[in-house]
Amino acid sequence: MSNKGTAHGKKVFLVQRAFAEIEGDGHGPTAIARETGLDAATVYRILQDGVADETFVQMSNGRYRLGPGALRLSMQALAQTPDPDATHAVLDRLQRATGGLVAYYAVVGARRICTDYAIGDFDPRSIGIDPFELVRYSRSLRTGASGRVILAHMPAPIQEQVLAEPVPAGVGPGVIRDNERLIESLKEIRKAGFAVGRQECMPGWDSVSAPVMWGDTIHGSLLLWVRVDEMPEDPSPLVTATLTAAEMLSRLADVPWSPSSVA
């Protein structure tokens, strides 16, 4: 590729990245030009080219937003993340080391979904857990340590969207209902690198959660559930174990998986 072509490619990348950096749902060429340092005419041409291949969508107010083409790229990228066997091996190791219940939540838009878990020989029916209810109120990113860990690393527009949501019914007594307290907890999570939940999702269960990152982007969260009466006064050992497992999952997102990676 010529230097001219390389330079143009970098400009296209800068425009695409601007949509993740600027707050708001849609942006005009002038705002993107300010963010990228490019001139507005160049930005406009890139946006129009992107509309043609559905990378961008032109809105009625003359602004632009990311389109289905960008979504296809993100889905292809996610498809290259670690093999499920690799992820489960890490979850299983954490479960055996702590005796708790372990789950992995992947980011799906402004929601999360449990894609894998390790619970040993624990029977959820023994404490009356309704899996359908658990899934319903665990979707919100404002609920529980695993949700807050993801929310802490999401862009401002998604944080605002989640903060505007009501707290789901049926959650635990420790859920953070006040938005100011929730925002402060997100700052603490970004600083500390983990979250501790006190009966947030389910009565009788505390939790520890850590982010799984793909470079600088949040990929999901690793969650360790522990019964309240088994949660140590100093949760540091559980925090360390969860952080170690989350860091391993983050590394697996960056490199091809092999059995030796989790040995």
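Values quoted throughout were computed directly from the atomic coordinates according to the rules given, and no laboratory measurement underlies them. If you're wondering where the values come from, they're calculated on a predicted model, not measured in any experiment. Positions of Cβ are backbone-derived with ideal geometry, glycine not excepted, and every protein chain shown enters the neighbour counts.
Compute the distance from the alpha-carbon center of the stretch 233-250 to that of the stretch 89-113, in whole Å. Between the Cα centre of the stretch 233-250 and that of the stretch 89-113, the gap is 12 Å. Cα centroids of the stretch 139-197 and the stretch 32-47: 34 Å apart. Once both labels are positioned 7 Å from their Cα atoms along Cα-to-Cβ, the gap between residue 48 and residue 122 label points is 5.8 nm. A DSSP coil position with no more than 14 other Cβ atoms inside 10 Å describes the following GluC sites (Glu not before Pro) in the stretch 180-246: 233. With contacts taken as Cα pairs under 8 Å at a separation of at least 6 residues, the stretch 3-70 carries a relative contact order of 27 percent. Based on C-alpha pairs under 8 angstrom that are at least 6 apart in sequence, the stretch 145-263 has a relative contact order of 25 percent. Here the gap between residue 198 and residue 23, fully extended at 0.36 nm per residue and compared with their Cα-Cα distance, gives a gain of 59.8 nm. Rounded to the nearest 20, the Cβ-based charge dipole of the stretch 81-262 about its Cα centre (Lys and Arg +1, Asp and Glu -1) stands at 320 debye. For the stretch 13-58, GluC sites (Glu not before Pro) are listed when DSSP marks them as loop and at most 11 other Cβ atoms sit within 10 Å of their Cβ; the list is 23.
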